[in-house]
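Chemist: Structure below; questions to follow.
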Amino acid sequence: MRVRRCTKYRTLFVWLISSIVLTSYMRNDSQLTPRNDGDAVSLLSSLSSAYATTSKNTHPAILSKTINHDDNNFNNPLQPIIDLAANRRFDMSPPIFGEHNKAADAVLVFAYGYQPPAILRFVESLIDTGYYGDIVLGLNYEMLMRSLEKGKGGGIEGEEKDDRLGVAAGAFESYLEHRSKVHNLVVYDVKLECDPKDPTTCTAPYMYRILDHESHTSNRNTNSTTNIEDTTAVEFLPDPRIARSVKLLRYEYYWAWSTNYVNADTMGSNRIFLSDLRDVYFQRNPFNASSWFASRELYSTTADATGDDASYVDKQYVQQTSLQVFVEDTSKFVIGTQTSNARWIRAIKGEKVLGEIGHNPIVCSGTTLGGAMAMETYLRAIIDEFDNSQCDIDGCDQGLHNYLLYSGRLLLNYDNDDAAKEHDKNQNSSILSTTNVRDTVNGNKLALKIVEHHKTTGSTITGIRNTKQRRINRIEYFSLGYGPVNSLGLLCGFGGRRPLQKLRLLRHEEGKALPVVLNWDGMVTPVLHQIDRCHEILSVLEAYGDMLWQYHWSTYSESTRLSKRRRDGLGRFAPN
């Protein structure tokens, strides 16, 4: 059935692809050119320099489970790296294509182990929404290029396959370079060392490089090539952490990338979206909050709308210190009744904690949105909790994600601000408040739950940066079918098996091959997550990725043949 459905959609895509993809590639480059806000060194580089002269301390929870976290502070993920550096300067290996725009919104995604069709579907569907911020992509570039050069993967088939070897690699490299120049695609080559018996369990021994003091300039790749700029890399620092799931390891890259967007010298309004790649498809720009709800009343409760009538500074404070997370289908399971999610919580915190938080809805860790300041803190918390738990089983990222949300650690963290901590202890009323926002038009469904600190006077974005007080002040839990992300796994697959068409969440528009998935209030869902669980849309979206790649590959292949004929002096009309 799946093969027949896929064949049907591939036929439809033959006429559709020329309009969808060609339009995307023919965008006005002047509109897509990345902005340049100066040659500022990233916060990550600054951190390594600042700590370079710090006296060597005992290793944190990396090497010991006895660290006391009662103060709710999150360790600096660089501390074990700093210890290994032994007072030498280091930074993260720079991107091989593109550069960060520190004032932009950013989508951070890990593409390790994936092929071009899935990567192009993710990137092109996002760009097609009108999104113009950074897209930071980590992939096993060298490994993938070698695979494509040998004709493995990438969808190269047919009688002339032997003549096409290497063309796919050139086509993919050309694609990445093009998008890095006209649409802020920032590409990192992620080199991991993985267990041959379990390729999903790895270490990252090439993430940080030791620098020669005299030649160090910055960690940014200003010429957008695969050549490292004039910085001498003496050696790479070993990975001090245990071998862990790639799903967990990616958070260390996310954190390092996020530091480029936490601007200590400006009142930035940029946000960060963390996303899976393989099972994600964009229908609308996830950062456009005005499209999240059909009801303006519901929209007005979100962090992006809060403070519309207040000062600009107060509005920016709310945005920068807020996280948006996305609840899965609650009709069948909660954390404690879903086998995998219960096992992950039990593995990291034990049966007692599972009993305390197991009644809560499952929040998916594959997509998270928030202000850059809040996101940096969240990522630091994930890494700190991994160091504390040493959970190395696949899926622990989801367990850590739900534990941090429901234990209160994110909202009750003070980052060594003792005055703020003491202030909250002395309050007569509860420190946190919870607001349930319901969609009264559509069956009084719970659309959004907001958990936040009680409002205090005098909180400004500058003050927050200076004191690190409450870098996460508010968390918004979006129910399934509301807001920017629909995590469809439990709804479509596992124990759910509830077809989108039957629930009137799927719309087929005349003249369009791609179906549209809706929220409960009829709004188009900006981001579809776990599309591989929904067979009503899977085949057509897989075909979409295949056709994007085939289009780009064939265009590159033809231009390469024409260039070769010109170089050989045969002219553009010379026969093959």
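The values are calculated or read from the model by the stated rules, or taken from the named source; none is laboratory data. All figures in this text were calculated on a predicted structure; none of them were measured in a lab. Note that we place each Cβ from the backbone using ideal geometry, even for glycine, and neighbour counts take in every protein chain shown. The accessibility values were calculated without ligands, DNA or RNA, using every heavy atom of the protein model including side chains. Shrake-Rupley method; radii C 1.70, N 1.55, O 1.52, S 1.80 Å.
Chemist: Which order do Ser258, Ser331, Ser479 take by accessible area at a 1.4 Å probe, largest first? Write down the numbers at each step before the final one.
Modeler: Working: Ser258 0, Ser331 70, Ser479 25 Å².
Largest accessible area first, the residues go Ser331, Ser479, Ser258.
Chemist: Over all alpha-carbon pairs in the stretch 340-414, figure out the percentage whose distance exceeds 16 Å.
Modeler: Looking at the stretch 340-414, the distances longer than 16 Å represent 46 percent of pairs.
Chemist: Please go through the residue pairs Lys197/Lys352; Lys449/Lys502; Lys150/Lys181; Lys445/Lys502; Lys181/Lys512 and name each one whose alpha carbons sit more than 25 Å apart in this structure. Write down the numbers at each step before the final one.
Modeler: Details: Lys197/Lys352 33 Å; Lys449/Lys502 27 Å; Lys150/Lys181 27 Å; Lys445/Lys502 18 Å; Lys181/Lys512 30 Å.
Violating the 25 Å Cα-Cα cut-off are Lys197/Lys352; Lys449/Lys502; Lys150/Lys181; Lys181/Lys512.
Chemist: What accessible area, in Å² to the nearest ten, does a 1.4 Å probe give for Thr330?
Modeler: Per-residue accessible area (Thr330): approximately 80 Å².
Chemist: Okay, moving on. So what's the stretch 93-138 giving for Cα Rg divided by 2.2 N^0.38 Å, two decimals?
Modeler: On the way: Rg = 11.1 Å, N = 46, 2.2 N^0.38 = 9.4 Å.
Taking N as the residue count of the stretch 93-138, the ratio is 1.18.
Chemist: Separate question: Give, in whole angstrom and from largest to smallest, the semi-axes √(5λ) of the equivalent ellipsoid of the stretch 499-553, with λ running over the eigenvalues of the Cα gyration tensor.
Modeler: They are 22, 12, 10 Å, listed largest first.
Chemist: Shape call for the stretch 242-303 from the C-alpha gyration tensor, a ≥ b ≥ c root eigenvalues: rounded (a/c under 1.5), prolate (a/b greater than b/c) or oblate?
Modeler: oblate
Chemist: According to the square roots a ≥ b ≥ c of the eigenvalues of the Cα gyration tensor, what is the shape class of the stretch 288-375, taking rounded for a/c under 1.5, prolate for a/b larger than b/c otherwise, and oblate for the remainder?
Modeler: Prolate is the answer for the stretch 288-375, as a/c is 1.5 or above and a/b outweighs b/c.
Chemist: Still on this structure, please answer the following. Please give the solvent-accessible surface of Cys202 in Å², to the nearest 10, using a probe radius of 1.4 Å with every protein chain present.
Modeler: 0
Chemist: A follow-up question, please. Fully extended, how many nm does the chain gain between Met143 and Ile242 (0.36 nm per residue separation, minus their Cα-Cα distance)?
Modeler: Taking Met143 through Ile242 to full extension adds about 33.4 nm, to one decimal.
Chemist: Which value, in Å² and to the nearest 10, is the accessible area of Phe293 when all protein chains are kept and the probe is 1.4 Å?
Modeler: Phe293 exposes around 10 Å² with every protein chain in place.
Chemist: Sticking with this one: Suppose the chain between His359 and Gln501 were pulled fully straight at 0.36 nm per residue; how much longer would it get relative to their current alpha carbon spacing?
Modeler: So the chain would gain 48.1 nm between His359 and Gln501.
Chemist: Please give the length that would be gained between Asp314 and Thr440 if that part of the chain were fully extended, namely 0.36 nm times their separation in residues minus their C-alpha to C-alpha distance (nm, one decimal).
Modeler: 42.5 nm
Chemist: Taking amide hydrogens as modeled 1.01 Å from N in the peptide plane, which residues meet the under 5 Å criterion relative to Leu185, leaving out close sequence neighbours?
Modeler: Result for Leu185 returns Ile135, Ser180.
Chemist: Once phi is turned into ³J(HN,Hα) by the Karplus curve 6.51 cos²θ - 1.76 cosθ + 1.60 with θ = phi - 60°, what whole-Hz value does each residue of the stretch 351-361 show in order, with x for glycine and proline?
Modeler: 5, 4, 5, 4, x, 7, 10, x, 7, 7, x
Chemist: How far apart, in nanometres, would the label points at Ala103 and Ser433 be if each is projected 7 angstrom from Cα along the Cα-to-Cβ direction?
Modeler: Output for this residue pair reads 3.5 nm.
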